[in-house]
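*Asks:* The following block contains the structure, expressed as structure tokens.
FYI, it's all coordinate maths here, none of it is from the lab. All of these numbers come straight from a predicted model, not from anything done at the bench. A quick note on method: Cβ atoms are made from the backbone with ideal geometry, for glycine too, and the neighbour counts reach across all protein chains shown.
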Amino acid sequence: ESKALNVEWGTAVTPELVEEALEADEDIKAVTMVHNETSTGVAAPIQEVGEVMKNYDALFIVDTVSSLGGDYVDVDKFHIDACVTGSQKCLAAPPGLAAITFNDDAWAACEKVEDNNYYLNMPKYRANGNKDPAQTPYTPSVSLIYALKEALEVVHEEGLENRVARHHQAAAATRDAVKALGLELFPDEAVSSATVTAVKMPEGATDAQIRGTMLDKYFVQLAGGQDHLKGNIIRIGHMGVISYKELAITFTALGLTLKGLGLVDDAGAGVAALADHYI
């Protein structure tokens, strides 16, 4: 049985909410959390929640698929028992691989599971990894592993701290560029993502007019909203190898699109605000 801590889209679950839930139900075995929610552009306070979790027996399981490599993640410092990420987001490798970390508590819990699944049987992976030479229990995607190896070498060359700082710089620049064009951020800026920025659709404009024009006329593609946010927000990604060049092209296209709709006077205001962070 699972229980959800529901908050409004565009806001983040707080440590206080997590602690209240743990205090209300001593049978909770694990707390799962998405660090970076790309659908709303929200980053959850996993470090602060980890400080709560260290006082309870429940496991802390965190999804860092769209944050690892682009935001601060320290599984030990944040008291994360199990962490999972993907190859295709901030690590900038092709999609198709998952990376998982377990601490001792997570391993102990995993080994108690009577019916571990077949392909993702973690005890088997651990046992085979301890062989000499190490191997996987089943045939992996060898080509993707080589691609991820190359991507991680790029991360290593840049330096993880530098890479995270670059993502935060891009996020701050993007938010300022959005505001310079008279647009409004969807989430509270205090919980805004370091890897994707969600923006409210400007009043008087439609998704087709904004995203459609940018794609058809300027060959720049933005993501739209999901579920009830479809048509109500646009999302600008700035993760992985995205640089000032791509962001400048994006805001040039966005500014020209807005000007064409009569929604802004200065089409270059966004690019100018962006440049303040880089030049």
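*Asks:* Within 10 Å of each candidate Cβ there may be at most 10 other Cβ atoms; applying that plus a DSSP loop requirement, which GluC sites (Glu not before Pro) in the stretch 1-83 survive?
*Replies:* Details: sites: Glu1, Glu8, Glu16, Glu19, Glu20, Glu23, Glu26, Glu37, Glu48, Glu51; in loops: Glu1, Glu8, Glu26.
Here the GluC sites (Glu not before Pro) that fit, given the DSSP loop and packing criteria, are Glu1, Glu8, Glu26.
*Asks:* Next question. Check each of the GluC sites (Glu not before Pro) in the stretch 102-166 and keep only those in coil by DSSP with at most 14 other C-beta atoms within 10 angstrom; list them in order.
*Replies:* Details: sites: Glu111, Glu114, Glu150, Glu153, Glu157, Glu158, Glu161; in loops: Glu114.
Those that pass, being in a loop and sparsely packed, are Glu114.
*Asks:* Ok, one more. Report the residue, chosen from Leu91, Leu120, Leu222, that carries the largest GNM mean-square fluctuation when the chain is represented by alpha-carbon nodes joined by springs under 10 Å.
*Replies:* Looking only at Leu91, Leu120, Leu222, the biggest GNM fluctuation is shown by Leu120.
*Asks:* Still on this model: Do any trypsin sites (Lys or Arg not before Pro) in the stretch 215-250 lie in a DSSP loop with no more than 14 other beta carbon atoms within 10 Å, and if so, which?
*Replies:* Answer by residue number: Lys230.
*Asks:* Right, another one. Count the DSSP beta bridges whose two residues both fall in the stretch 3-134, then state the antiparallel fraction as a percent rounded to the nearest 5.
*Replies:* Details: 7 of 16 bridges.
Rounded to the nearest five, the antiparallel share is 45 percent.
*Asks:* Counting Lys +1, Arg +1, Asp -1, Glu -1, what net charge surrounds Asn103 among other residues with beta carbon under 11 Å of its beta carbon?
*Replies:* Result for the local shell: -4.
*Asks:* I'd like to compare 96-109, 66-79: which one has the highest average count of other Cβ atoms within 10 Å, and what's the full order after that?
*Replies:* Numbers: 96-109: 14.7, 66-79: 20.6.
Descending mean neighbour count gives 66-79, 96-109.
*Asks:* Let me ask something additional. Please give, to one decimal in nm, the separation of the simple spin-label points placed at Ala275 and Phe219, each 7 Å out from Cα toward the Cβ.
*Replies:* Distance between label points: 2.3 nm.
*Asks:* I would also like to ask the following. Residue by residue through the stretch 233-244, which ³J(HN,Hα) values in whole Hz follow from phi under the Karplus form 6.51 cos²θ - 1.76 cosθ + 1.60 (θ = phi - 60°), with glycine and proline marked x?
*Replies:* For the stretch 233-244, the Karplus-derived couplings read 9, 10, 10, 10, x, 9, 10, x, 9, 4, 10, 4 Hz, x marking Gly and Pro.
*Asks:* To the nearest Å, what is the center-to-center distance of the stretch 1-66 and the stretch 110-168, using C-alpha atoms only?
*Replies:* The distance from the Cα centre of the stretch 1-66 to that of the stretch 110-168 comes to 24 Å.
*Asks:* Report Rg(Cα)/(2.2 N^0.38 Å) for the chain, keeping two decimals.
*Replies:* After normalising by residue count via 2.2 N^0.38 Å, the value is 1.12.
*Asks:* Something else: Find the all-direction average of the projected area of the Cα convex hull for the stretch 79-158, expressing the result in square nanometres with one decimal place.
*Replies:* On the way: hull surface 26.1 nm².
The Cα convex hull of the stretch 79-158, projected and averaged over all directions, gives 6.5 nm².
*Asks:* What would the Debye formula give as log10 I(q)/I(0) at q = 0.11, 0.12, 0.14 Å⁻¹ for the alpha-carbon point model of the stretch 160-275, no solvent?
*Replies:* -0.31, -0.38, -0.52
*Asks:* Using only alpha-carbon positions, what ratio does the radius of gyration of the stretch 15-158 give when scaled by 2.2 N^0.38 Å?
*Replies:* Normalised by 2.2 N^0.38 Å, the Cα Rg of the stretch 15-158 equals 1.14.
*Asks:* Just the number, please: percent antiparallel of the DSSP beta bridges in the chain, rounded to the nearest 5.
*Replies:* Of all bridge pairs located within the chain, approximately 65 percent are antiparallel.
*Asks:* What would the Debye equation give as log₁₀ I(q)/I(0) for the stretch 38-119 at q = 0.14, 0.19, 0.24 Å⁻¹, counting only Cα atoms as equal point scatterers?
*Replies:* Debye curve over Cα of the stretch 38-119, log10 I(q)/I(0) at q = 0.14, 0.19, 0.24 Å⁻¹: -0.54, -0.92, -1.20.
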